[in-house]
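The values are calculated or read from the model by the stated rules, or taken from the named source; none is laboratory data. A quick note: this is a predicted structure, and the numbers were derived from the prediction, not measured. We place every Cβ from the backbone using ideal geometry, glycine too, and count neighbours over all the protein chains shown.
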Amino acid sequence: MSGFPENTLDYDVAIVGAGPAGAACALALRRSGLRVALLDKAQFPRDKVCGDAVPGQAFKALRQLDPAFVEQLWQLQPRDDVRDSRLVAPSGAGLTLQWKLPSFNSPRETFDAALLELVRQHSATEILENTGLKTLSIAPGHARLTTTDGREITAGLVIGCDGANSVVGRKLLPAPLDRAHHCAGVRAYYENVAGASSGTTEFFLSSDYLAGYVWLFPVGGGRCNVGLGMLSEIVSAHKVDLKETLARVLATHPELAGRFAGARQLGPIVGFGLPLGGGRTRPISGSRFMLCGDAASLIDPLQGHGIDTAIQSGILAGAQAAACFEQQDFSAGFMRQYDAQVEHKIGRKLAKSYRLMRFLSNKAWLVNAAVGLARVPGLRAWVQKAIG
Ligand SMILES: Cc1cc2nc3c(=O)[nH]c(=O)nc-3n(C[C@H](O)[C@H](O)[C@H](O)COP(=O)(O)OP(=O)(O)OC[C@H]3O[C@@H](n4cnc5c(N)ncnc54)[C@H](O)[C@@H]3O)c2cc1C
């Protein structure tokens, strides 16, 4: 299948992006015997705009690779171990839900550097920081990459883990921005937020921003990650300035205004995009390439988490890459196995989440009613299951 002598290529696999998807993919390939490069345009530790809540499913996926990885991550500082979530309905009524899977919040600057450290310690991956992907083409028998520092790299397979503005995706599977399946989010760090309780993540819904929410997540060290996410369709239609809206909500919301009166903002409010999953199924692979995580639009549309699906898809791509080399088959047809796995293990759940998010997005009364219902012990489990 190759048509190009593979031992003359620089690498068997080039993973672009060393966030959760790329790091997980490199970890999944650690025993494959393949020559793997992991490129990132940044030098770690690096910041990533996020709510910093690492979902329990992320640890579950990493545990399946090696339980020691999770134990090592659980030593991280700063972090805040999450026991429960408090949901505040537009009516102001609150509901606390307990989570079964252990999870924690930790600034992405810390968490992503720790994931990359796992790659460094447990694999022979060549980590190339300060190395941005500039151009990419698929030639017969190999992928050819050029980097921002002027290098040319050849590889048998390229895996795009380069996030929401993926260069790999833009070059190989260009698609226009679909605002109905895209969220815009902003966040800032604060200290001294009154009533911020270690172990509890808080979500504030309002009829002003129903296709989204304000979050308040303790991240350890007395700091909270506070942000607002909203469906891009609504941001664009109503010309919402998210930074201004977050600042206004924190100053005027009946509960939050009091709690933020003595709080100190640490650094600016910054924003980034969230490509949501659950939309029309489109390919996320082709001849000699796959996309993972945000590059493949795998963020949960209801809750906005994507670290878990980035890690899950990175692991699936690692397994598919190993199969490609075993079978010496890098064709688009063979790669579809990866798309099918992602759809089966991640996509179907995201489609359900998307339908629920759309259904609730203009029904404040229903959210109020659901929070009220969930206070009835027998109905709580049902509401918790619907939220995920
Ligand atoms: C405001 C906001 C809040 C969020 N809150 C949460 C949350 O609380 N919990 C949660 O689970 N998810 C959250 N998410 C989603 C989460 O951040 C992403 O789903 C997750 O980071 C996806 O991981 P990834 O590895 O696919 O991409 P990323 O984490 O974005 O990593 C991509 C990597 O690729 C590198 N890169 C980019 N371009 C290039 C290039 N050209 N060449 C080389 N390298 C490149 C980047 O430097 C980066 O290191 C939030 C997102 C936003 C925007």
Scan segment 89-127 for residues that are in a strand (DSSP E or B), out of contact with any helix residue (DSSP H, G or I) (no Cβ under 8 Å at 6 or more places or on another chain), of a type outside the set (S, T, N, Q) and within 30 Å of Thr200 (Cα to Cα) and jot them down.
Phe104
Listed by first then second residue, the pairs whose first member lies in segment 154-179 and is assigned by TED's automatic domain parsing to the domain that holds Gly19 and in contact (Cβ under 8 Å) with a residue 40 or more places away in the chain, whose partner is of a type in the set (D, E, K, R) and surrounded by 24 or more Cβ atoms within 10 Å (Cβ to Cβ), with beta carbons under 8 Å and at least 6 positions apart or on separate chains, are Gly163/Asp294; Ala164/Asp294; Ser166/Asp294; Val168/Asp162; Gly169/Asp162
What pairs come up if the first residue lies in segment 289-304 and is touching a residue at least 60 places away in the same chain (Cβ under 8 Å) and under 12 Å from Pro55 (Cβ atoms), the second is within 8 Å of the ligand (Cβ to nearest atom) and in a loop (DSSP other than H, G, I, E, B), and their beta carbons are under 6 Å apart, counting only those six or more places apart or on different chains?
Ile299/Gly306
Within the bounds of segment 189-207, is there any residue that is crowded, with 19+ Cβ neighbours inside 10 Å and under 28 Å from Arg282 (Cα atoms)?
no
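Residue by residue through segment 75-131, note down the ones that are of a type in the set (A, V, I, L, M), under 21 Å from Arg223 (Cβ atoms) and modelled with pLDDT of 95 or more.
Taking segment 75-131 and keeping what is of a type in the set (A, V, I, L, M), we get 76, 82, 87-89, 93, 95, 97, 101, 113-116, 118-119, 124, 127-128.
Filter once more, so that each one left must be under 21 Å from Arg223 (Cβ atoms): 76, 82, 88, 113-115.
Correct list: Leu76, Val82, Ala113, Ala114, Leu115.
Considering only residues that are within 14 Å of the ligand (Cβ to nearest atom) and among the charged types (D, E, K, R), which ones fall in segment 94-116? Show your work before the answer.
Step one: of segment 94-116, the residues within 14 Å of the ligand (Cβ to nearest atom) are 99, 101, 103-116.
Once the filter is applied, which keeps residues that are within 14 Å of the ligand (Cβ to nearest atom) and among the charged types (D, E, K, R), segment 94-116 yields Arg108, Glu109, Asp112.
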Of the residues in segment 128-143, those that are assigned to a strand (DSSP E or B) and within 29 Å of Pro45 (Cβ to Cβ) come to Leu128, Leu133, Lys134, Thr135, Leu136, Ala143
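Would you confirm, using the coordinates I've provided, whether Ala61 is out of contact with any Phe, Trp or Tyr (no Cβ under 9 Å at 6 or more places or on another chain) and surrounded by fewer than 21 Cβ atoms within 10 Å (Cβ to Cβ)?
Working: out of contact with any Phe, Trp or Tyr (no Cβ under 9 Å at 6 or more places or on another chain): yes; surrounded by fewer than 21 Cβ atoms within 10 Å (Cβ to Cβ): no.
No: the conditions fail for Ala61.
Given the structure, is Asp12 more than 30 Å from Ser197 (Cβ to Cβ) and touching a residue at least 60 places away in the same chain (Cβ under 8 Å)? I'd like the intermediate steps shown before the answer.
Working: more than 30 Å from Ser197 (Cβ to Cβ): yes; touching a residue at least 60 places away in the same chain (Cβ under 8 Å): yes.
In short, yes.
Could you tell me which residue of segment 14-52 is farthest from the ligand (Cβ to nearest atom), considering only residues that are β-branched (Val, Ile, Thr) and not in a loop (DSSP other than H, G, I, E, B)? I'd like the intermediate steps shown before the answer.
So in segment 14-52, the residues β-branched (Val, Ile, Thr) come out as 15-16, 36, 49.
Checking which are not in a loop (DSSP other than H, G, I, E, B) leaves us with 15-16, 36.
Values: Ile15: 10, Val16: 5, Val36: 15 Å.
Filtering segment 14-52 for residues that are β-branched (Val, Ile, Thr) and not in a loop (DSSP other than H, G, I, E, B), the one farthest from the ligand (Cβ to nearest atom) comes out as Val36.
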Filter segment 130-152 down to the residues that are buried (at least 22 other Cβ atoms within 10 Å of the Cβ) and more than 11 Å from the ligand (Cβ to nearest atom), then identify the one that is farthest from Ile311 (Cα to Cα).
His142
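Could we say that Leu34 is surrounded by 24 or more Cβ atoms within 10 Å (Cβ to Cβ), modelled with pLDDT of 95 or more, closer than 28 Å to Leu172 by Cα and not small (Gly, Ala, Ser) here? Step through it out loud before you land on a result.
Numbers: surrounded by 24 or more Cβ atoms within 10 Å (Cβ to Cβ): no; modelled with pLDDT of 95 or more: yes; closer than 28 Å to Leu172 by Cα: yes; not small (Gly, Ala, Ser): yes.
For Leu34, the condition - surrounded by 24 or more Cβ atoms within 10 Å (Cβ to Cβ), modelled with pLDDT of 95 or more, closer than 28 Å to Leu172 by Cα and not small (Gly, Ala, Ser) - is not met.
Here is a check on your reading of the model: is Gln341 surrounded by 14 or more Cβ atoms within 10 Å (Cβ to Cβ), within 28 Å of Gly156 (Cα to Cα) and more than 16 Å from the ligand (Cβ to nearest atom)?
Numbers: surrounded by 14 or more Cβ atoms within 10 Å (Cβ to Cβ): yes; within 28 Å of Gly156 (Cα to Cα): yes; more than 16 Å from the ligand (Cβ to nearest atom): yes.
It is true that Gln341 is surrounded by 14 or more Cβ atoms within 10 Å (Cβ to Cβ), within 28 Å of Gly156 (Cα to Cα) and more than 16 Å from the ligand (Cβ to nearest atom).
Of these, Glu202, Glu233, Glu191, Glu244, which one is free of Cβ contacts under 8 Å to residues at least 12 places away in the same chain and acidic (Asp, Glu)?
Values: Glu202 fails: free of Cβ contacts under 8 Å to residues at least 12 places away in the same chain; Glu233 fails: free of Cβ contacts under 8 Å to residues at least 12 places away in the same chain; Glu191 fails: free of Cβ contacts under 8 Å to residues at least 12 places away in the same chain.
Of Glu202, Glu233, Glu191, Glu244, the one residue that is free of Cβ contacts under 8 Å to residues at least 12 places away in the same chain and acidic (Asp, Glu) is Glu244.
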